[in-house]
1. Between beta-carbons, use under 13 Å as the cut-off and find the net charge around ASP60, counting Lys and Arg +1, Asp and Glu -1.
2. Who wins for biggest fluctuation among ALA71, ALA95, ALA48 in a Gaussian network model of the chain, springs between alpha carbons below 10 Å?
3. With no solvent and one point on each alpha carbon, what is the Debye value of log10 I(q)/I(0) for the chain at q = 0.11, 0.21 Å⁻¹?
4. If contacts are Cα pairs under 8 angstrom and at least 6 residues apart, what is the relative contact order of the chain in percent?
5. At a probe radius of 1.4 Å, what is the per-residue accessible area of HIS38, in Å² to the nearest 10?
6. Could you check the spin-label model distance between ARG62 and SER2? Points 7 Å from the Cα along Cα→Cβ, value in nm.
7. In terms of Cα to Cα distance under 27 Å, which lysines are near enough to LYS101, apart from those fewer than 8 places away along the same chain?
8. If you restrict to DSSP beta bridges whose two residues both lie in the chain, what percentage is antiparallel, to the nearest 5?
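The values are calculated or read from the model by the stated rules, or taken from the named source; none is laboratory data. These figures come from a predicted structure and were not determined experimentally. Cβ atoms come from the backbone with ideal geometry, glycine included; neighbour counts cover every protein chain shown. Only protein heavy atoms, including side chains, enter the accessible area calculation; ligands, DNA and RNA are left aside. Shrake-Rupley method; radii C 1.70, N 1.55, O 1.52, S 1.80 Å.
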Amino acid sequence: MSRRTDRISSLIRQTLGQLLLSKLSDPRVGPARTSITHIDVADDLLSAKVYVSVIGSEADQRKALRALQRAGGRLQELMMRQITLRHTPILEFVADTEFKKTLDTLQVIEQAMEIGRAHV
């Protein structure tokens, strides 16, 4: 990634985060359970993968991603009003599995520490 795509990625992430909090009223995408972890903007700036983490079950995650895909056009329009770019990237919402794996790893470490404390 170039510095330009990094800056645009950061700007899109910040803007989408604000839009999710203030403009999206879909109950499947609760701002307390849904967060944008990172964004990969294509080199031509015409598309962007939005990695989303949803706290909850797999079904909750699928529902939230579907809701975001359906609201994608509206979010692009709102984003276009706040960010001045020649072309507004087409957004593709993707589940961020790395975040979930990190949480699972932390839980395993915590359980191992509890077992270690019990044997001392």
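1. Local charge sum for ASP60: +4.
2. ALA71
3. For the chain at q = 0.11, 0.21 Å⁻¹, log10 I(q)/I(0) is -0.43, -1.15.
4. 26 percent
5. Approximately 70 Å² for this residue.
6. So the two model labels end up 4.0 nm from each other.
7. Within the straight-line limit of under 27 Å, LYS101 reaches these lysines: LYS49, LYS63.
8. For the chain, the DSSP antiparallel bridge percentage is about 55.
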